[in-house]
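Report on the following structure.
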Amino acid sequence: MNNALLVSPIKPLVAIAADRVERYGHQAHTLLHGYVNAVALVSGGLPLALPADEAAIDFASLIAHVDGIVLTGSPSNIAPHHYGKESNPEGSMLDPARDATVLPLVKKLVAAGVPVLGICRGFQEMNVAWGGTLNVAVHERPGAIDHREGDQSRPIKDWYQDSHSIDIIPGGVLAGLCAEQSVLVNSLHHQGVENLGKGLKVEAIAPDGLIEAFSVEGAPSFALALQWHPEMRVEDSDFARAIFEAFGEACRQRSNIRAEACKASR
């Protein structure tokens, strides 16, 4: 038997942004399993944690070795000074180590052709990186629907059930992944886009006018940001699966390009 037939295709390497937290008095890096599961089972990638430590990340090495980046959701918020504001709501959690790692990195990743999928905090990070601003309490806007997760004593699975509809803008990235113009999504956020960053294109809007998704105009590869959480619905939502499948395909394309470049250099 040809041993080459027994070798599985090499999976694309997908870095997943971690949070900086404290565990038993130690600094630690954490990410939720939903992202690992979606990348591994739906995108077909090999998930790796990207630590929230700017000093540990060498950009040239990162783009030389990874095929995609997922910017995850998080209980923490971006420090408001990054988008020209002074204060965050009392009691809100910050993660300055993640801010310092992701915010300077994401535009360079997109420009280098690394596929990027931003989710919730990652969506907000991408907006801020492109010069946009955030509203720190979107539920307080006149006419707003409540985008928060609701009763936290509910089972975790219930947090991620559909909460409101979104209208998908025709002709965009999301429109190519969904046959319907209006779909239901979950909602677990207090903050959201106030002013959209320059060079970002709106992909979907909530019924109260809040931007729910955008892409990066002119990006050389997949560059999409979502305010909701598709990673927790890949087992029962065709739309969620389609998002991670499209991201995975972009990662495979980059992996193939890197492999061919490596062969050519030998």
Worksheet entry | Only listed residue being in contact (Cβ under 8 Å) with a residue 24 or more places away in the chain, within 15 Å of the chain's Cα centre (by Cα) and under 21 Å from Ser74 (Cα atoms), chosen from Ala242, Ala213 | Ala213
Worksheet, complete the sentence: Those residues of segment 168-204 which are open to solvent by 30 Å² or more (accessible area, probe 1.4 Å), at pLDDT 95 or above, out of contact with any Asp or Glu (no Cβ under 8 Å at 6 or more places or on another chain) and farther than 20 Å from Val234 by Cα amount to Pro170, Gly171, Glu194, Asn195, Leu196, Lys198, Val202
Worksheet item: In segment 90-127, what residues are touching a residue at least 60 places away in the same chain (Cβ under 8 Å) and charged (D, E, K, R)?
Response: Asp95, Arg98
Worksheet item: Only one residue in Leu31, Leu6, Leu117 is modelled with pLDDT of 95 or more, out of contact with any Phe, Trp or Tyr (no Cβ under 6 Å at 6 or more places or on another chain) and not acidic (Asp, Glu), so which one is that?
Response: Leu31
Worksheet item: Do we find a residue being outside any strand (DSSP E or B), touching a Cys at 6+ places or on another chain (Cβ under 9 Å), open to solvent by 10 Å² or more (accessible area, probe 1.4 Å) and touching a residue at least 24 places away in the same chain (Cβ under 8 Å) anywhere in segment 74-85?
Response: yes
Fill in: Single residue of Ala60, Ala55, Ala64 found to be farther than 26 Å from Asp236 by Cβ, open to solvent by less than 60 Å² (accessible area, probe 1.4 Å) and over 17 Å from the mean Cα position of the chain (by Cα)
Ala64
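Name every residue in segment 229-266 that is assigned to a loop (DSSP other than H, G, I, E, B) and in contact with a Phe, Trp or Tyr (Cβ under 9 Å, 6 or more places away or on another chain), in order of residue number.
Listed by number, the residues that qualify are His229, Arg233, Val234.
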Worksheet item: Do the conditions hold for Pro207, that is, is it open to solvent by 20 Å² or more (accessible area, probe 1.4 Å) and out of contact with any strand residue (DSSP E or B) (no Cβ under 7 Å at 6 or more places or on another chain)?
Response: no
Worksheet item: So how many residues does segment 102-118 have that are open to solvent by less than 10 Å² (accessible area, probe 1.4 Å) and farther than 20 Å from Glu217 by Cβ?
Response: 1
Discussion item. Step by step: first the residues of segment 123-143, then only those that are crowded, with 19+ Cβ neighbours inside 10 Å and not aliphatic (A, V, I, L, M), then the one that is nearest to Ala204 (Cα to Cα). Which residue is that?
Written reply: Phe123
Worksheet item: Does segment 216-236 contain at least one residue that is over 15 Å from the mean Cα position of the chain (by Cα) and farther than 21 Å from Leu71 by Cβ?
Response: yes
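Consider Asp162 carefully, then state whether it is surrounded by fewer than 18 Cβ atoms within 10 Å (Cβ to Cβ) and not in a loop (DSSP other than H, G, I, E, B).
In short, no.
One residue is enough: does segment 187-198 have a residue meeting the conditions in a loop (DSSP other than H, G, I, E, B), in contact (Cβ under 8 Å) with a residue 12 or more places away in the chain and hydroxyl-bearing (Ser, Thr, Tyr)?
So far as segment 187-198 goes, yes, one or more of its residues are in a loop (DSSP other than H, G, I, E, B), in contact (Cβ under 8 Å) with a residue 12 or more places away in the chain and hydroxyl-bearing (Ser, Thr, Tyr).
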Discussion item. Pairs please, first residue from segment 128-147 and part of a loop (DSSP other than H, G, I, E, B), second anywhere and of a type in the set (S, T, N, Q), Cβ atoms under 7 Å, 6+ apart in sequence or on different chains.
Written reply: Gly132/Asn195; Val136/Asn88; Val136/Gln191; Arg141/Asn135; His147/Ser187
Worksheet, complete the sentence: For Ala28, the lone unmet condition from (1) under 19 Å from the mean Cα position of the chain (by Cα); (2) part of a strand (DSSP E or B) is (1)
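The values are calculated or read from the model by the stated rules, or taken from the named source; none is laboratory data. Everything numeric in this text was worked out from a predicted model, so none of it was measured. Heads up, the Cβs are rebuilt from the backbone with ideal geometry, glycines too, and the neighbour counts pull from every protein chain shown. All accessible areas refer to the heavy atoms of the entire protein, side chains included, with ligands and DNA or RNA removed. Shrake-Rupley method; radii C 1.70, N 1.55, O 1.52, S 1.80 Å.
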